[in-house]
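What follows is one structure encoded as structure tokens, with my remarks underneath.
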Amino acid sequence: MSRLPLRVALAEAERTLAAAGVASPRVDVELLAAHVLGRSRGALLMSPLVDPGDVARIQQLVKRRATREPLQHILGTAVLGPAEVAVGPGVFTPRPETELLLEWGLAAIREVTTPVVLDLCTGSGALALAFALSRPDATVHAVEADPDALAWTRRNLDAHVAAGGRPVHLHPADVRWPNLLVELEARVDLVVCNPPYVPDDTAVPAEVELYDPPGAVFGGPDGTAIIQAVVRGATGWLRHGGALAIEHDDTHGETVPALLRRRRTLTDVVEHDDLTGRPRFVTARRTARTTTAG
């Protein structure tokens, strides 16, 4: 059986995804083809002809994506910085915009020796693992409450250890619990959180509506229910001078920074935009320890 032009198959698949309303049809098609062919996306067109069986497998995956099944579910993994984690039904799929928060957090602890990092609402564990991989000297703690998500967290943290990584300390807990992690009081150098933050009645893309767990997406009537608990907890966990970063909805560009500024123990509150120019995460510092001259 004669081989088929890959570019023709990609063009047809791109049209299918565009008609289905997929936001990035060409990128998704190329990533699916690369997955089937076992090569990098950049190397796709180095072999312009492919077997009909490979084209059929690409078409099968494209049909799944056209139903708005997340690309990461089809591929089986999602990437955040240096971390590649397994994802699927029952856990929130990490988003590229969280890499900006990761970069800020790594810069915040750049000069800290053996830092302690706390990742709240960890989900798949992607952000916690990104810090663990970027800073092998760090002690990383991760908190997650949802039983379905915890199954994915444990799977990914176990795979990290099996690959020779330093263990991440997992705490099955809700950030709203009182007296949570009292053993970390005033010991943490960096608290990060990508919480459920979408206001309850907000329309969301089909991938989110159909596949992301609602409890990992929606954060109460105004989207700040979990964020308020994170801010309360962080003021206790952070050491003096420690850093805090919280991702939020693009409608929270004023409200979430205001929550942080109301805390006298937090300073240097800064709002950060994502790559599209929309408000995406806020950062702050725990006030430095004051000394009294004698």
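The values are calculated or read from the model by the stated rules, or taken from the named source; none is laboratory data. These numbers were taken from a predicted model, which means no experiment stands behind them. Heads up, the Cβs are rebuilt from the backbone with ideal geometry, glycines too, and the neighbour counts pull from every protein chain shown.
Among residues belonging to the stretch 14-39 that are free of Cβ contacts under 8 Å to residues at least 60 places away in the same chain and not in a helix (DSSP H, G or I), point out the one that is surrounded by the fewest Cβ atoms within 10 Å (Cβ to Cβ).
Here the residue is Gly38.
Here is a check on your reading of the model: is Leu61 under 25 Å from Leu100 (Cα atoms), part of a helix (DSSP H, G or I) and not assigned by TED's automatic domain parsing to the domain that holds Pro205?
Taking the combined requirement at face value, the residue does not satisfy it.
Within the stretch 123-141, how many residues are closer than 19 Å to Trp237 by Cβ and either in contact with a Cys (Cβ under 9 Å, 6 or more places away or on another chain) or assigned to a helix (DSSP H, G or I) (or both)?
The total comes to 4.
Which condition breaks for Leu260 when tested against (1) exposed (fewer than 13 other Cβ atoms within 10 Å of the Cβ); (2) in a helix (DSSP H, G or I)?
With respect to (1) exposed (fewer than 13 other Cβ atoms within 10 Å of the Cβ); (2) in a helix (DSSP H, G or I), Leu260 is out only on (1).
Looking at Arg68, is it touching a Pro at 6+ places or on another chain (Cβ under 9 Å), within 18 Å of Ala23 (Cα to Cα) and charged (D, E, K, R)?
Here the answer is yes, as Arg68 does meet what is asked.
Kindly indicate which of Ala83, Ala34, Ala78 is within 26 Å of Ala130 (Cα to Cα), among the aliphatic types (A, V, I, L, M) and more than 22 Å from the chain's Cα centre (by Cα).
Testing whether each residue is within 26 Å of Ala130 (Cα to Cα), among the aliphatic types (A, V, I, L, M) and more than 22 Å from the chain's Cα centre (by Cα) leaves just Ala34.
If you take the residues of the stretch 81-99 that are in contact (Cβ under 8 Å) with a residue 12 or more places away in the chain and not in a loop (DSSP other than H, G, I, E, B), which of them is surrounded by the most Cβ atoms within 10 Å (Cβ to Cβ)?
Across the stretch 81-99, the extreme among qualifying residues is Val85.
For the stretch 199-236, which residues satisfy the criterion of being small (Gly, Ala, Ser) and under 28 Å from Thr67 (Cβ atoms)?
Answer for the stretch 199-236, where residues must be small (Gly, Ala, Ser) and under 28 Å from Thr67 (Cβ atoms): Ala203, Ala206, Gly215, Ala216, Gly219, Gly223.
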